[in-house]
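K.L.:
Encoded as structure tokens, here's the structure I'll be asking about.
The values are calculated or read from the model by the stated rules, or taken from the named source; none is laboratory data. All of these numbers come straight from a predicted model, not from anything done at the bench. Glycine gets a Cβ as well: all are built from the backbone with ideal geometry, and neighbour counts include every protein chain shown.
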């Protein structure tokens, strides 16, 4: 498997290249990600290209059996390009043109800028495609992480996009509800981008702006990949999505890629890292992926918490990624850089190229992965339960409006539910609204704000066919223009849930309301739908606040399946109870039948031929234990284990199960 790091030959003295490559070879490094910030070195002046320096580096790398993941740059333009046409600079919602001197400060819709970037990609493909040292192609870096551009080019493109979507301005006015606040337009040229104004813009305006900006990124990713393929690239094409950045519909963008990738920087010293990022990227194409930036050494930042890995944590983090479906790994970065904005960033070797403490751990990890990969190759993460991750919901929930509530609610609640599922030792997928719901026995919707007729019917059909659906407040209440349905629920969902949810209540963060579920008491928070049962049954009621005895959890049998309505955003302990029950009733079995352990993660990769590999990952400074049902072989540590199995502090075991 590709095992490597991000490396920048243009940032190192040429006479240090061989030293660095020798250190890499000794650490079992097989791949390097290169080139994403090297536009000026590749094209020193307009139309003049220089690849000789990268050729020299590539020759030295392949001699050591190290291959390159080549990154055609896009959003870090050269100074000469900006000097030639300053209109390429991004314009913020406040009307400020971002100055050259940082990164991602350029308009991705600027025609000449696009032309220059795509020409560079074509030249790189013509020069490097098919070379033995080219492992694949990585488009730019962190597509979609720049601020929104509101320049005249983007405004005009937005208006054209709206005309294509609505046809007539009257349809836009009606869909957006522009009669509110006297916002009706006479023609599309009047529609602005949502720049700084007295207060918030219309929810429909913001929703469509997010769709438009996402479409811009998706289009550019497609054009970038297309330029490589058109000019000879046959190697796999990928890029690094940021699963915490919801500005781009990655499900749509993934269609232009051969494989997906992500950045991954979870905290050290903390149980249960944000594995949702790995599950999400695995869902974009429903296949394994690569981590193109994986955390390693501590950042040299005074006061930074959860920043310094204890011995074993880098190896554990690496195997955590592999266990969740990573088939390629690149640490960021190989050597520390003494200059530039990220001079304090963690790295494997120091500013002078000498090994830091974690070098030996990385080297040992690489050597073991080389031995392990022939066994793991072809395995995937198979799940019978999934959470629904929805990009349009993030666009609704993350609008900058006091009327929307916390912008963090969607991700906090989504993460809480996933933690509860994982602590039950269950593999858990993520699935998008266009994904295959029928692949799962249990589907959990943490929130799903905008729902159209097609999605409502798809959810109903999932339950009719025998699925178990878990629902929450603020779900199914809006159409795709962010307008609320008159009865606060899509009409087609009433029959499935068997409740009326016109009434609701709210509470402050530190004012939870208790409810019962199967005799146990739990806390709900923030929002409370107050359902009137119309065919559903109550599984538990509120026991505090003025709405005590109102159902808190309901169930409705619908077709061959069940629709569960959780009417509040509950604590993690509740989801462990509810989902443990629902999975057991649906026949979803844990990877190992083991007690809940806050400090032990259990994940499994398997293959169609019956091969199973169980990863035991410790997040504690003390030895952890799990009871094994049968003797197994730990292929990571090369030992046989049975009965009560110990996992060393921050340790790893990979058990081959028969």
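K.L.:
Which condition number does residue 576 fail, the rest of (1) part of a strand (DSSP E or B); (2) assigned by TED's automatic domain parsing to the domain that holds residue 440 being met?
P.N.:
Among (1) part of a strand (DSSP E or B); (2) assigned by TED's automatic domain parsing to the domain that holds residue 440, residue 576 violates only (1).
K.L.:
To continue, here is another question. Can you say whether residue 346 is in a loop (DSSP other than H, G, I, E, B) and crowded, with 23+ Cβ neighbours inside 10 Å, as far as the supplied structure shows?
P.N.:
Yes: the conditions hold for residue 346.
K.L.:
Now a separate question. Would you check which residues across the range 198-221 are assigned to a loop (DSSP other than H, G, I, E, B) and within 22 Å of residue 174 (Cα to Cα) and list them?
P.N.:
199, 200, 201, 202
K.L.:
Quick check on this structure: which one of 552, 594 is part of a loop (DSSP other than H, G, I, E, B), in contact with a strand residue (DSSP E or B) (Cβ under 6 Å, 6 or more places away or on another chain) and on the phi < 0 side of the Ramachandran plot?
P.N.:
Working: 552 fails: part of a loop (DSSP other than H, G, I, E, B).
None of the other options fit; the residue is 594.
K.L.:
Sort out which residues of the range 258-279 are surrounded by fewer than 23 Cβ atoms within 10 Å (Cβ to Cβ), closer than 22 Å to residue 33 by Cα and more than 9 Å from the chain's Cα centre (by Cα), and write them in order of number.
P.N.:
Of everything in the range 258-279, those that are surrounded by fewer than 23 Cβ atoms within 10 Å (Cβ to Cβ), closer than 22 Å to residue 33 by Cα and more than 9 Å from the chain's Cα centre (by Cα) turn out to be 258, 259, 265, 266.
K.L.:
Right, something else. Which of the residues that make up the range 495-527 are surrounded by fewer than 16 Cβ atoms within 10 Å (Cβ to Cβ) and not in a strand (DSSP E or B)?
P.N.:
If the condition is that a residue be surrounded by fewer than 16 Cβ atoms within 10 Å (Cβ to Cβ) and not in a strand (DSSP E or B), then 495, 502, 503, 507, 508, 509, 510, 511, 518, 519 are the ones that fit.
K.L.:
Can you tell me which residues in the range 26-45 are without any contact (Cβ under 8 Å) to a residue 60 or more places away in the chain and surrounded by fewer than 17 Cβ atoms within 10 Å (Cβ to Cβ)?
P.N.:
44, 45
K.L.:
Which residue out of 456, 492 is in a helix (DSSP H, G or I), surrounded by 14 or more Cβ atoms within 10 Å (Cβ to Cβ) and modelled with pLDDT under 95? Working first, answer last.
P.N.:
Values: 456 fails: modelled with pLDDT under 95.
So the residue among 456, 492 that is in a helix (DSSP H, G or I), surrounded by 14 or more Cβ atoms within 10 Å (Cβ to Cβ) and modelled with pLDDT under 95 is 492.
K.L.:
Still on this structure: For the range 397-428, give me each residue that is buried (at least 24 other Cβ atoms within 10 Å of the Cβ) and farther than 19 Å from residue 570 by Cβ.
P.N.:
Within the range 397-428, 427 is the sole residue that qualifies.
K.L.:
Report whether or not residue 81 is surrounded by 14 or more Cβ atoms within 10 Å (Cβ to Cβ), part of a helix (DSSP H, G or I), within 29 Å of the chain's Cα centre (by Cα) and touching a residue at least 24 places away in the same chain (Cβ under 8 Å). Write out each step before concluding.
P.N.:
Working: surrounded by 14 or more Cβ atoms within 10 Å (Cβ to Cβ): yes; part of a helix (DSSP H, G or I): yes; within 29 Å of the chain's Cα centre (by Cα): no; touching a residue at least 24 places away in the same chain (Cβ under 8 Å): yes.
Here the answer is no, as residue 81 does not meet what is asked.
K.L.:
OK, next. With 162, 68, 135 as the choices, which residue is touching a helix residue (DSSP H, G or I) at 6+ places or on another chain (Cβ under 9 Å) and either more than 20 Å from residue 41 (Cα to Cα) or in a helix (DSSP H, G or I) (or both)?
P.N.:
162
K.L.:
Need pairs with beta-carbon distance below 7 Å; first residue at positive phi and outside the structural domain of residue 620 (by TED's automatic domain parsing) and within the range 261-272, second surrounded by 16 or more Cβ atoms within 10 Å (Cβ to Cβ) and not in a strand (DSSP E or B); sequence gap 6+ or separate chains.
P.N.:
Taking only residues 6 or more apart or on different chains, the pairs are 272/419; 272/422.
K.L.:
Please find, within the range 564-595, the residue that is surrounded by the fewest Cβ atoms within 10 Å (Cβ to Cβ) out of those that are farther than 21 Å from residue 386 by Cβ and touching a residue at least 12 places away in the same chain (Cβ under 8 Å).
P.N.:
Residue satisfying both the conditions and the ranking: 593.
K.L.:
Right, next: Go through the range 224-245 and report how many residues are assigned to a helix (DSSP H, G or I) and under 22 Å from the mean Cα position of the chain (by Cα).
P.N.:
Residues in the range 224-245 being assigned to a helix (DSSP H, G or I) and under 22 Å from the mean Cα position of the chain (by Cα): 2 in total.
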